[in-house]
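Notes follow the structure.
The values are calculated or read from the model by the stated rules, or taken from the named source; none is laboratory data. No experiment lies behind these values; they were computed from the predicted model shown. In this analysis, Cβ positions are derived from the backbone assuming ideal geometry, glycine residues included, and neighbour counts consider all displayed protein chains. Only protein heavy atoms, including side chains, enter the accessible area calculation; ligands, DNA and RNA are left aside. Shrake-Rupley method; radii C 1.70, N 1.55, O 1.52, S 1.80 Å.
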Amino acid sequence: MLIRDSRDLQALDWEKTDGLIPAIVQDAFDGRVLMQAYMNPEALAHSLDNRVVTFWSRSREKLWTKGETSGNSLQLVAVHADCDNDCLLVLAHPSGPTCHRETDTCFDSSRPVRPRLAFIATLDRLVAQRDAERPEGSYTTRLLEAGVKRIAQKVGEEGVETALAAATGDREELANEAADLLYHLLVLLRASDLSLGDVIQTLESRHGQLKPERVG
Ligand SMILES: [Zn+2]
């Protein structure tokens, strides 16, 4: 159930949870689970009203707006209650590392916890970061500085190479060329002021029944 505003708060089972409902925060863009904390009715209402994720801190016994000291806030996209109305799934856009250890998620260990398909979103974010910072020595920086026409030419070449690999039945080469094509396509979109998110939105609009209730 989608929790739209404070009028939906009464639908939740606060009694069963002693007034504190666990809230799992998921990255609205790439689906990674970022953290888990607790919300009381006040924290949830504050989150919905201000569109910034706010919890109840059990240790400090007060409202805790994520990022109030670190600046790494979570911009609220949507809140869903589970089937028993005693657990919340919070979709959000993080403005920086979510964990106090400066990692993206609290579940990071030696390797980031990420659904495999989410890697394309991570790569898209990296391209955006390269675009903003333009670090020297980066191939992406070089491409972006060469301009849209040059990147478009690369996408054309990689497209042809992908098609050739498929036509000749070379599966390993096909995977390689398809990877090149996807990467160059991400750079081309970025150089043209579009993002992977815009393309996904177009795909979603063609598949009405697969469209999420609210796009992250
Ligand atoms: Zn953490």
Practice prompt. State all residues of the range 116-139 that are open to solvent by less than 70 Å² (accessible area, probe 1.4 Å) and touching a residue at least 24 places away in the same chain (Cβ under 8 Å); if no residue qualifies, say none.
Written response: A118, I120, A121, T122, L123, D124, V127, A128, D131
Worksheet entry | Selection from the range 1-32 of residues that are over 30 Å from P115 (Cβ atoms), open to solvent by less than 30 Å² (accessible area, probe 1.4 Å) and assigned to a loop (DSSP other than H, G, I, E, B) | G19
Worksheet item: Residues R51, R101, R114: which one is touching a helix residue (DSSP H, G or I) at 6+ places or on another chain (Cβ under 7 Å) and charged (D, E, K, R)?
Response: R114
Item to complete: With the condition kept exactly as written, say whether any residue in the range 67-77 is within 15 Å of the chain's Cα centre (by Cα), within 16 Å of the ligand (Cβ to nearest atom) and free of Cβ contacts under 8 Å to residues at least 24 places away in the same chain.
Response: yes
Fill in: Residue check for H80: modelled with pLDDT under 95 and within 30 Å of L9 (Cβ to Cβ)
no
Worksheet, complete the sentence: Among helices (runs of 4 or more DSSP H) completely within the range 88-191, the ones holding 1 or more residues that are more than 24 Å from the chain's Cα centre (by Cα) and within 16 Å of the ligand (Cβ to nearest atom) are none
Fill in: Residues of the range 33-59 classified as over 16 Å from S73 (Cβ atoms), outside any loop (DSSP other than H, G, I, E, B) and within 15 Å of the ligand (Cβ to nearest atom), total
3
